[in-house]
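Heads up: the structure comes next, in structure tokens.
The values are calculated or read from the model by the stated rules, or taken from the named source; none is laboratory data. Quantities reported herein were computed from a predicted structural model and do not represent experimental measurements. Backbone-built Cβ (ideal geometry, glycine too); neighbour counts: all protein chains shown. For the accessible areas, the whole protein counts, side chains as well, though only heavy atoms, and no ligand, DNA or RNA atoms are used. Shrake-Rupley method; radii C 1.70, N 1.55, O 1.52, S 1.80 Å.
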Amino acid sequence: MDVLLCAACGRPLTRPVRLLPGLPAPPAWDGLPGPDGLRRAPARMPRGTYAVDPLPYGAPFVPAPDDEEYDGVVPGGKWMSDERGLLVSAGPRGTRVLHPLDVAGLDAHPDWHRHIGCCGPCGEYGANRLCPCGAEVAIMAGDCTTDYEIRFVPESVRVTTAPAAEGTA
């Protein structure tokens, strides 16, 4: 079991979690509100686990290459567009993806633009969760158009082995 720590101050940011060998596919979702009344997809990650996504995720977005197959992820899908045309993610590779309830004590980013979304933050505008020390550490996505997950930016965290629980061998 591992714990993710803030690279800036060393504070634990997660409960103990187990690394999965790959990123699970997002679960099917019918678009209806869940039991909590919120309109968002079920969490991609099972509680108590995390995975490393080798593909780029989130901001910044750049014009799509004309002659290459794109393998990255834009929150809510593989592509987005604006006045520049089709855009692809040039965001961080190697984000650590967790169930949002396995994260502890993060603060919302003070820049409200980073929380834009219809039913929750879409994750398109960069890190929107801070360690209490002020370091930008994670991207929360929980909109009706995205997967429900939290992604830690690789340079912002370090992984350490969780201390063994007392009384266990």
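The set of residues in the stretch 69-101 being modelled with pLDDT of 80 or more, surrounded by fewer than 17 Cβ atoms within 10 Å (Cβ to Cβ) and in contact with a Leu (Cβ under 7 Å, 6 or more places away or on another chain) consists of Arg93 alone. Filtered by the rule that a residue be in contact (Cβ under 8 Å) with a residue 40 or more places away in the chain and open to solvent by 80 Å² or more (accessible area, probe 1.4 Å), the stretch 39-68 gives Arg39, Arg47, Pro54. Selection of the stretch 12-55 for residues being among the hydrophobic types (A, V, I, L, M, F, W, C) and in a loop (DSSP other than H, G, I, E, B) yields Leu13, Leu20, Leu23, Ala25, Ala28, Trp29, Leu32, Leu38, Ala41, Met45, Leu55.
Scanning the stretch 111-169 for residues that are farther than 19 Å from Ser89 by Cβ and aromatic (Phe, Trp, Tyr) gives a single hit, Trp112.
Is at least one residue of the stretch 5-25 more than 18 Å from Ser156 (Cβ to Cβ), open to solvent by less than 70 Å² (accessible area, probe 1.4 Å) and among the charged types (D, E, K, R)? Within the stretch 5-25 (the criterion being more than 18 Å from Ser156 (Cβ to Cβ), open to solvent by less than 70 Å² (accessible area, probe 1.4 Å) and among the charged types (D, E, K, R)), the answer is no, since none of the residues qualifies. Based on this model, can you work out whether Thr146 counts as open to solvent by 70 Å² or more (accessible area, probe 1.4 Å) and polar (S, T, N, Q)? Considered against the rule, which asks whether it is open to solvent by 70 Å² or more (accessible area, probe 1.4 Å) and polar (S, T, N, Q), Thr146 comes out as no.
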